[in-house]
Amino acid sequence: MFDLNNILRENIKNLTPYSSARDEFQGEASVYLDANENAFGSPLDEQYNRYPDPLQYNVKKRLSEIKGVPVCNIFLGNGSDEAIDILFRSFCNPGVDNVIIVPPTYGMYQVSANINDVEARKVHLTADYQLNLDGIAEAIDDRTKMIFVCSPNNPTGNSINREDVETLLANFNGIVVVDEAYINYSRQKTFIQELTEYGNLVVLQTLSKAWGLAGLRLGMAFASEEIIEVMNRVKPPYNINEATQQLVLRALQNVDQVNEWIKQTLIERDKLVLALKDFDFVLDIYPSDANFILVKTTDARGIYNHLVDRGIIVRDRSKVELCEGCLRITVGTPEENIALTERLKALHLPA
Ligand SMILES: Cc1ncc(COP(=O)(O)O)c(C=O)c1O
């Protein structure tokens, strides 16, 4: 049985979080002399001289309406990368505990593990980029605190079989992190509706992809109220700045625009796949549920360099295990995708 108390670090269990001025007094007052701010204002048209809401209530309320998840089940981070780091700091004792990652996958799980001095046990995906459940079961021991599953997966683009994730959730006594950064492009259902079913589930989403707000840095974690409460205690007091909170609130009014871009991206993805298939140096294009495609080629480095010389940057993933020869290509605007295929037509690789 999953019990949060069994996996929480002792120092976090006993942590008295920093109590900010904005935590101690909530409500409206006419004079604020409690936070050592500059009362005169900001040297800007907009005023940012006051600290932001530490728990970002207004943003969460709007997200709660959009996602259908109560505010108490939402954590906001400075990008989902911050949520990943806070999960490590909350649950993994440095030098003692371990987590399981399933490469090829998003690189920050490993980096965050390294920063926190936590062993990341690798159980590679199968040849068709699905979970190796037997391998994961073997790798788990009583110091395993988290398993990271990215679906749709970066860099492979495919969704992970839902039943396999459910098997992990039902049988693992630690936390299963399901990273859904690309969920808006996927045919698969999100896991955020399953929070009441699984107390050990943490779903990560972000405004950096389909929502077009990578520069504002806003990531979301959805989990049980207990887990969210721990993450809020561990996070820096004002981790989401005021400009981000205000701009995100405005952006969240534009759901229709975002849905339109998602539709266009999927159309463009299909067109790009068709165009790339014709090139001799393209060996395979993996099915994608995301806004990028993984393309297996005869010479990833040669193609990458050819494109860089012509001002187009893609991601060379050819050194990544199970992605040999692969480039990861983000779907751009119609003009950008045409520019890419036109530049590739000028490429002549040695036979
Ligand atoms: C799978 C995955 N998770 C998380 C992130 C990071 O998201 P954020 O910008 O919210 O930190 C990325 C970014 O590339 C990603 O691919």
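The values are calculated or read from the model by the stated rules, or taken from the named source; none is laboratory data. These numbers were taken from a predicted model, which means no experiment stands behind them. All Cβ positions, glycine included, derive from the backbone under ideal geometry; neighbour counts span all protein chains shown. Remember, those area values only see protein heavy atoms, side chains included, never the ligands or the DNA or RNA. Shrake-Rupley method; radii C 1.70, N 1.55, O 1.52, S 1.80 Å.
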Cα Rg, Dmax (largest Cα-Cα span) when computed across the stretch 1-107, Å: 18.7, 55
If one compares the long axis through the Cα atoms of helix 300-309 with the longest principal axis of the Cα atoms of the chain, the angle in degrees, nearest 10, works out at 80
What accessible area, in Å² to the nearest ten, does a 1.4 Å probe give for THR330? 80
Heavy atoms of the protein only, probe of 1.4 Å, neighbouring chains included. What is the accessible area of TYR57 in Å², nearest 10? 110
Once you place label points 7 Å from the Cα toward the Cβ at LYS61 and TYR48, how far apart are they in nm? 2.4
Largest-first ordering by accessible area, 1.4 Å probe, given options LYS345, LYS319, LYS60: LYS319, LYS345, LYS60
Rule-of-thumb Rg ratio for the chain [Cα; 2.2 N^0.38 Å; N residues]: 1.08
The lysines whose Cα lies under 26 Å from the Cα of LYS67, excluding any fewer than 8 residues away in the same chain, are LYS189, LYS209, LYS235, LYS263
Per residue, how large is the accessible surface of the stretch 73-167? Use a 1.4 angstrom probe and give square angstrom. 34
Hey, in the GNM for the chain with a 10 angstrom Cα cutoff, which one of PRO104, PRO334, PRO152 fluctuates hardest? PRO334
What would the Debye equation give as log₁₀ I(q)/I(0) for the stretch 204-351 at q = 0.11 Å⁻¹, counting only Cα atoms as equal point scatterers? -0.58
When the gyration tensor of the stretch 151-290 is built from Cα positions, what are the square roots of 5 times its three eigenvalues, in whole Å, from largest to smallest? 30, 23, 12
Can you tell which of GLY95, GLY107, GLY325 shows the greatest fluctuation in a Gaussian network model of the chain with Cα springs below 10 Å? GLY95
Longest segment of the chain with no GluC sites (Glu not before Pro) in a DSSP loop having at most 15 other Cβ atoms within 10 Å? 47-196
Label point 7 Å beyond Cα of LYS345 along Cβ direction - residues of the stretch 296-338 with amide nitrogen under 16 Å: 335-338
Would you mind checking which residues have amide H under 5 Å from THR297's amide H? H placed 1.01 Å from N; only 5 or more apart, or other chain. LEU283, CYS326, LEU327
Any idea of HIS348's accessible area? Nearest 10 Å², probe 1.4 Å. 150
With a 1.4 Å probe and all protein chains left in place, how much of the accessible area of the chain comes from carbon and sulfur atoms, in whole percent? 49
Would you mind telling me which residue in PHE279, PHE91, PHE40 has the biggest mean-square fluctuation in a Gaussian network model of the chain, where springs connect alpha carbons within a distance under 10 angstrom? PHE40
Cβ-placed point charges (K, R +1; D, E -1), dipole of the stretch 135-186 about Cα centre in debye, nearest 20: 120
Under 17 Å from the 7 Å Cα→Cβ point of ASN161, by amide nitrogen: which residues of the stretch 111-155? 124-138, 149-153
Give the distance, in whole Å, between the Cα centre of the stretch 155-216 and the Cα centre of the stretch 288-351. 27
With the contact rule set at Cα under 8 Å and sequence spacing of 6 or more, what percent relative contact order holds for the chain? 17
